[in-house]
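The values are calculated or read from the model by the stated rules, or taken from the named source; none is laboratory data. Bear in mind that the values here come from a model prediction, so they are computed numbers and not experimental data. Glycine also receives a Cβ, built like all others from the backbone with ideal geometry; neighbour counts cover every protein chain displayed. For the accessible areas, the whole protein counts, side chains as well, though only heavy atoms, and no ligand, DNA or RNA atoms are used. Shrake-Rupley method; radii C 1.70, N 1.55, O 1.52, S 1.80 Å.
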Amino acid sequence: MIKPKVGRMFLATCVGSFFILILYFQSNSRSLDQSAVASVLQGRRGHLDEACRSYIRKRRVLTPEDLRHLIVDDKHGLLYCYVPKVACTNWKRVLMVLTGDGRYRNPLAIPANEAHVPGRLRSLSEYSTTEINRRLRKYLKFIFVREPFERLVSAYRNKFTRNYNTAFHKRYGTKIIRRHRADPQAEALEKGNDVSFEEFVYYLVDPRTQKEEPFNEHWERVHSLCHPCLIHYDVVGKYETLEQDSRYLLKLAGADQEVQFPTSSKSTRTTGDMAAKFFDNISPFYQKKLYNLYRMDFLLFNYSTPAYLKLR
Ligand SMILES: *[C@@H]1O[C@H](CO)[C@@H](O)[C@H](O)[C@H]1NC(C)=O
């Protein structure tokens, strides 16, 4: 008898906060575009709920290990799940400004490598179960996602085609070349610095890869990094609309007077068809395998199957 009652009360609370939210948006009159963004985000949120219901069979309990990517801002009551290659450096910088006791003001003044130093920001996994649950219940949870293959190509270009990324070349490149290149040169085996996109794809879809260790976070699926069907993110921002979604979020968090999301000078976005070029010389067989690997990220975040793929 207790359960339904609690359920109804919970529902009442939800409906209540829903109305408060509507009032909040209506009273905020200068933000016509803010409310337009709100309705897009609400649609996205609804899509995620639907998709989780249709595609995820098994539900399981979260462990602290699952929460490593959630960054905590206790001052503003925020939880941000960072996804590499989706403006996460800038979001980490913004959170350093917000949590930093006035130490930083301008996010862009924080060197990029500084933003990734472990320990600068707190991860939800560091807290006790009680503290974790309290934050999951009360805080505004958000995530930013990106078209999965655009993100993947961006990770490939950044980690395998830049001379300075020697750590990735050594750690992953040498292994990829050893396994996936016929007749490799000694120098390539030693340096691992000339992995082709095709070889990278072979590595990703090779069942041995994930048996040995989890994917590196730069190419791990958002679904596995942030558990969007287990954690109810209030806001699902998109890289494709980064500026407006970020502005919306900071306003919602009441932090828009303290910090502005950095607008990038480089036009790194609108790269709509960058991925198409890279998939051109991947055979349909491997295109399909790769699509299956990233399928859940396409489905959960409402990205349509790229037209350039040859899936049949
Ligand atoms: C899903 O994507 C389609 C096509 O891009 C779009 O028209 C639609 O509004 C999106 N749905 C939601 C709920 O965001």
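Could you list all residues from the stretch 200-240 that are free of Cβ contacts under 8 Å to residues at least 60 places away in the same chain and not aromatic (Phe, Trp, Tyr)?
Those that are free of Cβ contacts under 8 Å to residues at least 60 places away in the same chain and not aromatic (Phe, Trp, Tyr): Asp206, Pro207, Arg208, Thr209, Gln210, Lys211, Glu212, Glu213, Pro214, Asn216, Glu220, Ser224.
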**Report entry** In the stretch 108-127, residue least open to solvent (accessible area, probe 1.4 Å) [restricted to those that are modelled with pLDDT of 95 or more and either polar (S, T, N, Q) or over 12 Å from Ile71 (Cα atoms) (or both)]
**Finding:** Ser123
**Report entry** Some residue of the stretch 220-227 being more than 16 Å from the ligand (Cβ to nearest atom), on the phi > 0 side of the Ramachandran plot, in the same structural domain as Leu108 (by TED's automatic domain parsing) and not acidic (Asp, Glu)
**Finding:** yes
Query raised in the report: How do the pairs read when you match residues in the stretch 178-193 that are part of a helix (DSSP H, G or I) with residues anywhere that are aliphatic (A, V, I, L, M), using Cβ under 8 Å and keeping only pairs 6 or more apart or on different chains?
Result: Arg178/Leu189; Ala188/Ile177; Leu189/Ile177
Query raised in the report: In the stretch 209-258, what count of residues is obtained for those that are outside any loop (DSSP other than H, G, I, E, B) and among the hydrophobic types (A, V, I, L, M, F, W, C)?
Result: 9
Query raised in the report: Among Lys277, Lys310, Lys288, which is open to solvent by 50 Å² or more (accessible area, probe 1.4 Å), closer than 30 Å to Arg59 by Cβ and not assigned by TED's automatic domain parsing to the domain that holds Ala87?
Result: Lys288
Query raised in the report: So Ser246 fits all but one of (1) surrounded by fewer than 17 Cβ atoms within 10 Å (Cβ to Cβ); (2) away from the ligand (no atom under 16 Å from the Cβ); (3) among the hydroxyl-bearing types (Ser, Thr, Tyr); what number is the exception?
Result: (1)
Query raised in the report: So which of Lys170, Lys138, Lys191, Lys85 ends up being within 21 Å of Thr263 (Cα to Cα) and either charged (D, E, K, R) or surrounded by 22 or more Cβ atoms within 10 Å (Cβ to Cβ) (or both)?
Result: Lys85
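From the set of residues in the stretch 158-167 that are of a type in the set (S, T, N, Q) and touching a residue at least 24 places away in the same chain (Cβ under 8 Å), which is most open to solvent (accessible area, probe 1.4 Å)?
Here the answer is Asn163.
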